[in-house]
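Trainee: Sharing a structure here in structure tokens format.
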Amino acid sequence: MSTTPAKAETKKAETKLPVLVREADHPRSQLAVFDHRKPLQLDCGVAFSPFQIAYQTYGSLDAEKSNAVLICHALTGDQHVANVHPVTGKGGWWDIMVGPGRPIDTDRYFVICSNVVGGCMGTSGPSSTNPLTGEPYGLDFPVITIKDMVRAQTMLLDHLGIDSLFAVVGGSMGGMQVLEWCSSYPERVFSALPIATATRHSAQNIAFHEVGRQAVMADPEWRNGRYFVEGTSPRRGLSVARMGAHITYLSDTALHRKFGRRFQDRENPTFSFEADFEVESYLRHQGSTFVERFDANSYLYLTRAMDYFDLAADHGGVLAKAFKGTRTRFCVISFTSDWLFPTSESRAVVHALNAGGARVSFAEIETDKGHDAFLLDEPELLGIVRGFLDSAGRARGIVR
Amino acid sequence: MLSRAPRDLTMAETVRGPGGARVDLLQVSEMVEPGSRVLDVGCGDGELLRLLEARGVDGRGIELSREGVNECVAKGLAVVQGDADTDLASYPDDAFDYVILSQTLQATRRPRDVIEHMLRIGRHAIVSFPNFGHWRIRLQLLFYGRMPRTANLPETWYDTPNIHFCTIKDFNDMCALVGARMERAVALDPWGTALKIDAPWWFWNLFGEQAVFLLSRKP
């Protein structure tokens, strides 16, 4: 903590610029840059500028600009929904859902996915360079909300010249953005697919996030968020946060089926604190790969944004008012074994939509894969998304 | 020609009319004004909603079974997973022109509450149900002394989802009790043919295997 600026400079020069800082400022994505004339008005009161949005697109926009689908990514996702990830080299996080001939068919729709504000894959966030200091923002980055993320996305759409979206789709934190879109900009959303999500973060979920944040902040290498400047990395803290969170994305049944009590590469316990069990080894792996591609401060900011989300509170405590008079077609989806965003949360959305007379479909999919099911090859999920979009596409005149 | 078709979600065997549609559903769909807004409670695999769509109806559905819902949603129908007994309360007054309950009344826990909600949510309610007063059912109980089982109601007493059977006369009484106005009623014989329109209630109650009622709120 007592590192002098001069010392920090030398350290910074010694270590190669971390890949995450490079990706934050110069992402390998399309980029929309907004200068001081177009600041992002944040809920915390800050008019943030300059700022940039990194995004990917797939397919082509039709002449009427009526076939655009916006995909909102989850907490640890990014804009690389259906292409090889520039940092990890792995396939897109929703390859199974998005692509030619897939349920979100890029032969039919113009698919846009942007990194959320506060993220670390090229949209302005705490790892972006603060033009005033020449250093990453760290904790100088303003605290953002789900609404801020959506506001930034509207600026991207304006930049792309798209008034109305054929569909907004997202799971988990992405689903929160979908609901926010439908509440704040209903006239711009023709159809919406909020998946495995909720209109507010529950006390339990805030509690889990707090544990994750404390793990990051307790890492001595976190340095009050100045780890890039000081040449350190809170890998262990972030890794523990990820391990804890990852458990909440699965289910007891899924963990047991996948790992049981099996030992990892050994016959007997070692009577130590090595990763004896397969499940321990798996979690450690999850933690250590995560830190390669995700910024610790972004993790703090994005979990905070989810915690603050409460759509009913923004409407005098009455959720139905959030969707009053909506003409958007909704398809709400939940999973039986998802205990992080249980079906009851989706049902609350459906009841609020019913109260407003909205056109809504709601399916609960039976699976033991927990919250993560929305990212996996769940044939029913794929069938429902395809069927819903086909029908909405016919209503919009973009599917014959 | 009428034929016996394979099982749907509520009934094991159902009479189907020309074109393959269930005759009770055809009766129901004919009661709906084209272009109106409809909520189908217990919509099964969405067959009625599809029939109604062809009439330009803006249809929504509620279905208890997950398979039914997922099939409907994958077909692009606006159907939600839910329970007639608990989820009708979330709908506002006068949200629909028609609220339909086809072959589901007998499976609800509180049929009277369900009917009252239907009349609150919709300007009209359409209810179809199996008539437990049909002569075959009466004879089975009289001669064999066992819970009746028919082609339409094949389950044994211990595994049937149907917990509140009624006869046409019983249903009539309840309509009076909840202040429902009866706009139309049709009783169908086992082949799905409507019984004589001017037949007395006792005749319908004895020979109608199922009944379809079009109700509205008394002003």
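The values are calculated or read from the model by the stated rules, or taken from the named source; none is laboratory data. For clarity, every value in this text was computed on a predicted model and none was experimentally measured. Methodologically, a virtual Cβ is constructed for each residue, glycine included, from the backbone with ideal geometry; neighbour enumeration extends over all protein chains shown. Heads up: the accessible areas ignore ligands, DNA and RNA and are worked out on the full protein's heavy atoms, side chains in. Shrake-Rupley method; radii C 1.70, N 1.55, O 1.52, S 1.80 Å.
Trainee: So, with +1 on the Cβ of K and R and -1 on the Cβ of D and E, and no other charges, what is the size of the charge dipole of the stretch A:207-303 about its Cα centre, to the nearest 20 debye?
Mentor: Numbers: 13 positive and 13 negative charges, 39 e Å.
Using Cβ point charges on Lys, Arg, Asp and Glu, the stretch A:207-303 gives about 180 debye.
Trainee: Right, next: As a quick test, which of the pairs A:LYS324/B:LYS75; A:LYS147/A:LYS321; A:LYS65/A:LYS321 have an alpha carbon distance above 19 angstrom in this structure?
Mentor: A:LYS324/B:LYS75; A:LYS65/A:LYS321
Trainee: Now, a different point. Restricting to Cα pairs below 8 Å that are 6+ residues apart, what does the relative contact order work out to for chain A? Please round to a whole percent.
Mentor: About 17 percent, as a whole number.
Trainee: What stretch of chain B, leaving out the sites themselves, is the longest with no trypsin sites (Lys or Arg not before Pro) in a DSSP loop having at most 16 other Cβ atoms within 10 Å? Don't skip to the answer; put the middle values down first.
Mentor: Details: sites that count: B:ARG7, B:ARG55, B:ARG109, B:ARG146, B:ARG149, B:LYS196.
Free of exposed loop sites, the longest segment is B:56-108.
Trainee: Sticking with this one: Using a Förster distance of 35 angstrom, determine the FRET efficiency expected from the C-beta separation of B:ASP173 and A:VAL318, and round it to 0.05. Intermediate results must be reported in sequence, preceding the final value.
Mentor: Values: r = 39 Å, r/R0 = 1.12.
After rounding to 0.05, the efficiency reads 0.35.
Trainee: Under a 5 Å amide H to amide H cut-off, with H placed in plane at 1.01 Å, what residues pair with B:ALA185 once short-range neighbours are removed?
Mentor: For B:ALA185, whose amide H was placed from the backbone, the distant partners under 5 Å are B:LEU214.
Trainee: Here's a follow-up. Could you pull out every residue, at least 5 positions away or on a different chain, whose amide H is within less than 5 Å of the one on A:VAL360? Hs are placed 1.01 Å off N in the peptide plane, and Pro or chain starts have none.
Mentor: Close amide H contacts, sequence-distant or interchain: A:PHE330.
Trainee: Taking the convex hull of the alpha carbon atoms in the stretch A:124-228, what volume per residue do you get, in Å³? Walk me through the numbers before you get to the answer.
Mentor: Details: hull volume 12.3 nm³, N = 105.
Convex hull of Cα atoms, per residue: 117 Å³.
Trainee: Also: As a check on your grasp of the helix formula, calculate [θ] at 222 nm for the protein assembly as shown: sum -39500 (n - 2.57) over DSSP H runs of n ≥ 4, divide by the residue count, round to the nearest 500.
Mentor: Details: 21 runs with 213 residues, N = 619.
So the helix-based figure for the protein assembly as shown works out to -10000 deg cm²/dmol.
Trainee: What does the charge count near B:GLU116 come to, summing +1 for each Lys or Arg and -1 for each Asp or Glu among other residues with Cβ under 11 Å from its Cβ?
Mentor: Values: positive: B:ARG110, B:ARG112, B:ARG120, B:ARG217; negative: B:ASP113.
So the surrounding residues net to +3.
Trainee: In percent, what relative contact order does chain B have, based on Cα pairs under 8 Å that are 6 or more apart in sequence?
Mentor: Details: 425 pairs, mean separation 41.5, N = 219.
About 19 percent, as a whole number.
Trainee: Using the charge dipole of chain A (Lys, Arg: +1 at Cβ; Asp, Glu: -1 at Cβ; taken about the Cα centre), state which of A:GLY170, A:SER298, A:THR88 has its Cα farthest towards the positive end.
Mentor: The Cα lying farthest towards the positive end belongs to A:GLY170.
Trainee: Measure nothing but the geometry: give the 0 to 90° angle between the long axis through the Cα atoms of B:168-177 and the longest principal axis through the Cα atoms of chain B, rounded to 10°.
Mentor: 50 degrees
Trainee: While we're here: Excluding ligands, DNA and RNA, what is the accessible area buried between chains A and B, summed over both sides, using a 1.4 Å probe, to the nearest 100 Å²? Show your work: numbers first, answer last.
Mentor: Numbers: alone 17200 and 10750 Å², together 26220 Å².
The summed interface area works out to 1700 Å².
Trainee: Right, something else. Across peptide A:350-357, what mean number of C-beta atoms from other chains lies inside 10 Å of a residue's C-beta?
Mentor: Details: counts 6, 6, 1, 2, 13, 5, 2, 7.
That average works out to 5.
Trainee: Oh, and also: Please list 3J(HN,Hα) in residue order for the stretch B:120-132, calculated via the Karplus relation 6.51 cos²θ - 1.76 cosθ + 1.60 where θ = phi - 60°; whole Hz, with x for glycine and proline.
Mentor: Those phi angles translate into 7, 6, x, 6, 10, 10, 10, 10, 10, 8, x, 8, 7 Hz.
Trainee: On to the next question. Return the average number of partner chain Cβ atoms within 10 angstrom of each residue Cβ along peptide B:78-86. Don't skip to the end; give the middle numbers.
Mentor: Numbers: counts 10, 4, 14, 11, 6, 0, 0, 0, 1.
Across B:78-86, the average partner-chain Cβ count within 10 Å equals 5.
Trainee: Here's another thing I want to ask about it. For a quick check of your reading of the filter: which GluC sites (Glu not before Pro) in the stretch A:266-300 sit in a DSSP loop and have no more than 16 other Cβ atoms within 10 Å? Can you show the working numbers first?
Mentor: Numbers: sites: A:GLU267, A:GLU274, A:GLU278, A:GLU280, A:GLU292; in loops: A:GLU267, A:GLU274.
Of the GluC sites (Glu not before Pro), the ones in loops of the stretch A:266-300 whose Cβ has at most 16 other Cβ atoms within 10 Å are A:GLU267, A:GLU274.
Trainee: Right, another one. Residue by residue through B:87-96, how many Cβ atoms from other chains fall within 10 Å of the Cβ on average? Write out the running numbers ahead of the final one.
Mentor: Values: counts 5, 1, 3, 9, 4, 5, 0, 1, 4, 1.
Mean partner-chain Cβ count within 10 Å for B:87-96: 3.
Trainee: Which ³J(HN,Hα) values, rounded to whole Hz and listed in residue order, are derived for the stretch A:383-395 from phi using the Karplus coefficients 6.51, -1.76 and 1.60 in 6.51 cos²θ - 1.76 cosθ + 1.60 with θ = phi - 60°, glycine and proline given as x?
Mentor: Couplings: x, 5, 4, 4, x, 5, 5, 4, 5, 5, x, 5, 5 Hz.
Trainee: Quick one: if you stick a label point 7 Å off each Cα along the C-beta vector at A:VAL19 and B:ALA89, how many nm between them?
Mentor: For A:VAL19 paired with B:ALA89, the spin-label model returns 5.4 nm.
Trainee: Can you tell me the alpha carbon radius of gyration of chain A divided by the globular rule-of-thumb value 2.2 N^0.38 Å?
Mentor: Details: Rg = 21.2 Å, N = 400, 2.2 N^0.38 = 21.4 Å.
Scaled against compact globular proteins, the figure is 0.99.
Trainee: Convert each backbone phi in the stretch A:58-70 into a coupling constant with the Karplus relation 6.51 cos²θ - 1.76 cosθ + 1.60 (shift: θ = phi - 60°), then list the ³J(HN,Hα) values in order as whole Hz, x for Gly and Pro.
Mentor: So the J values, rounded to whole Hz, are 9, x, 10, 6, 6, 4, 7, 6, 10, 10, 7, 10, 9.
Trainee: So, one more: DSSP loop (so not H, G, I, E, B), at most 16 other Cβ within 10 Å: list which trypsin sites (Lys or Arg not before Pro) in the stretch A:276-385 pass both filters.
Mentor: Passing sites in the stretch A:276-385 are A:LYS324, A:ARG327.
Trainee: For A:VAL143, what residues show an amide H to amide H distance below 5 Å, using hydrogens built from the backbone and excluding near sequence neighbours?
Mentor: Long-range HN contacts for A:VAL143: none found.
Trainee: Based on the Cβ-Cβ distance of A:ASP377 and A:ASN268, what FRET efficiency does E = 1/(1 + (r/R0)^6) give at R0 = 30 Å, to the nearest 0.05?
Mentor: Details: r = 36 Å, r/R0 = 1.19.
The computed FRET efficiency comes out at 0.25.
Trainee: P(r) for the stretch A:207-303, please, calculated from all Cα pair distances in 10 Å bins and given in %.
Mentor: 16, 41, 29, 13, 1
Trainee: If you count, for each residue, the other Cβ atoms within 10 Å and average over each peptide, how do A:163-171, A:45-53, B:153-161 line up from highest to lowest?
Mentor: Details: A:163-171: 24.6, A:45-53: 16.4, B:153-161: 11.8.
Answer by packing, highest mean first, reads A:163-171, A:45-53, B:153-161.
Trainee: With each pseudo-label sitting 7 Å past Cα toward Cβ, what's the B:TRP201-B:ASP58 distance in nm, one decimal?
Mentor: 3.7 nm
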